[in-house]
1. Pairs please, first residue from segment 306-329 and closer than 19 Å to GLN83 by Cα and in a helix (DSSP H, G or I), second anywhere and of a type in the set (Lys, Arg) and open to solvent by 70 Å² or more (accessible area, probe 1.4 Å), Cβ atoms under 8 Å, 6+ apart in sequence or on different chains.
2. Out of the residues in segment 103-127 meeting the condition of being touching a Lys or Arg at 6+ places or on another chain (Cβ under 9 Å) and open to solvent by less than 80 Å² (accessible area, probe 1.4 Å), tell me which one is farthest from LYS196 (Cα to Cα).
3. Residue check, LEU96 against (1) open to solvent by less than 10 Å² (accessible area, probe 1.4 Å); (2) away from the ligand (no atom under 13 Å from the Cβ), all met but one. Which one?
4. Name the one entry in PHE41, PHE81, PHE26 that is part of a helix (DSSP H, G or I) and either within 12 Å of the ligand (Cβ to nearest atom) or within 15 Å of ILE137 (Cα to Cα) (or both).
5. Only one of these conditions is not met by SER6: (1) touching a residue at least 60 places away in the same chain (Cβ under 8 Å); (2) part of a helix (DSSP H, G or I). Which number is it?
6. Scan VAL131, VAL165, VAL169, VAL175 and give me the residue that is crowded, with 22+ Cβ neighbours inside 10 Å, in contact (Cβ under 8 Å) with a residue 12 or more places away in the chain, away from the ligand (no atom under 12 Å from the Cβ) and outside the structural domain of GLY277 (by TED's automatic domain parsing).
7. Scan segment 98-105 and tell me whether some residue there is closer than 25 Å to LEU157 by Cα, free of Cβ contacts under 8 Å to residues at least 60 places away in the same chain and hydrophobic (A, V, I, L, M, F, W, C).
8. Name the single residue that is nearest to the ligand (Cβ to nearest atom) among those in segment 134-162 being in contact with a strand residue (DSSP E or B) (Cβ under 7 Å, 6 or more places away or on another chain) and open to solvent by 40 Å² or more (accessible area, probe 1.4 Å).
Amino acid sequence: MKTIVSGIQPTGELNIGTYLGSIRNFVALQKSHPDHHFFLFIADTHALTVPQDPVQLRKAIKSLAAMYVACGINLEQTSLFVQSEITAHQEMDVLLQSFAYMGELERMTQYKDKAQKQTEGIRASLFTYPVLMAGDILLYDAEYVPVGDDQKQHLELTRTIAERVNHQVGDFFTVPKPLIPELTARVMSLQNPDQKMSKSDPNVKSKILLTDSEAIIKKRIRSAVTDSDGIIEYNPASKKGLSNLIQIYAALEETTPEQVVETFKEANYQTFKEALGEIIATHLAPIQARYERLMNSNELTEILDRGKADAETLAIKKVQRFKKKLGLGFKR
Ligand code: TYM
């Protein structure tokens, strides 16, 4: 079985950056790769790398599960599950700790950035996080891993770990390839186009949540930071704010930035922003309706139980075989 694996942390509400960098890509890939099975999960163990309120975390897990489904993943082709419910993820993490080097983990930019912002109480799990992530992927022998640009370095480490294991124990893991969307690899903050749009950004104006109302969406786009020259041009280097909006427009309309510029070349920023706000709201409306329905039904329990059962069967076998390869244990 050919597999594609990806996960999202249940930390804060999903925004349009995560959507365009990941879930939307999963849905598209399911159509272009009908012979692949998808293991998609809620990376709740990863969330513990920073402090969490247990009540909020539980809510975020349910909400993320509902969003996966509401955004249109094909459940026939997917095992959707909660990472912590399959303990093989934790086991694989522990085993792979012996195949990652301190220096490699120290070089991870995401760790360096987060550790820099927080001088005290940096959790050991924040440091070893990429190993858990490698385990998530290698457990299912993923051929591809669709992620946004910020996860690229973690994917490279996953490949290094897989190759190291394969070198030591013989061909054991599939070495996964990242799949990074061309246009929306890094959707930027609406308030600071030098930073990515982030779930953890406390500034509500920096992002559009998938649950935002039409009025809020339009307001956020209207107040998005652009520039003062007033010319609709696509240039991610010199016109970061506007180019970010053009990319979002192009991605949602399945067109190119050049085509968007062509359409709006005579318009001012305000007209373009109104059109973009409208497009986002129209795109999100059916997702929001499905989300509401799922949050108020029992459907998710059945979906997540089935996903867990399917994924766990594979994951347990892989861990057992790995332990044996490493010479662990006595009887098996
Ligand atoms: P997370 O939860 O931070 O983000 C989920 C996915 O969304 C992408 N993303 C973005 N893409 C474009 N623009 C943005 N502004 C943006 N913000 C987020 C991320 O790149 C990611 O693909 N470590 C992962 C979760 C994870 C995982 C895995 C992913 C755990 N195990 C195994 C793949 C495979 C994370 O924290 O993603």
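The values are calculated or read from the model by the stated rules, or taken from the named source; none is laboratory data. Just so you know, these numbers come straight off a predicted model, no measurement behind them. All Cβ positions, even for glycine, are placed from backbone atoms using ideal geometry, and neighbour counts span all protein chains on display. What goes into the accessible areas is simple: the full protein's heavy atoms, side chains included, and nothing from ligands, DNA or RNA. Shrake-Rupley method; radii C 1.70, N 1.55, O 1.52, S 1.80 Å.
1. Taking only residues 6 or more apart or on different chains, the pairs are GLN320/ARG332.
2. Result: ILE122.
3. (2)
4. After ruling out the rest, the residue left standing is PHE26.
5. (2)
6. Details: VAL131 fails: away from the ligand (no atom under 12 Å from the Cβ); VAL169 fails: crowded, with 22+ Cβ neighbours inside 10 Å; VAL175 fails: crowded, with 22+ Cβ neighbours inside 10 Å.
Going through VAL131, VAL165, VAL169, VAL175 in turn, the sole match is VAL165.
7. Step one: list which residues in segment 98-105 are closer than 25 Å to LEU157 by Cα, which gives 98-105.
In the following step, the residues that additionally are free of Cβ contacts under 8 Å to residues at least 60 places away in the same chain were identified as 98, 101-105.
If we keep only those that are hydrophobic (A, V, I, L, M, F, W, C) too, we end up with 102, 105.
Yes: one or more hits.
8. ASP150
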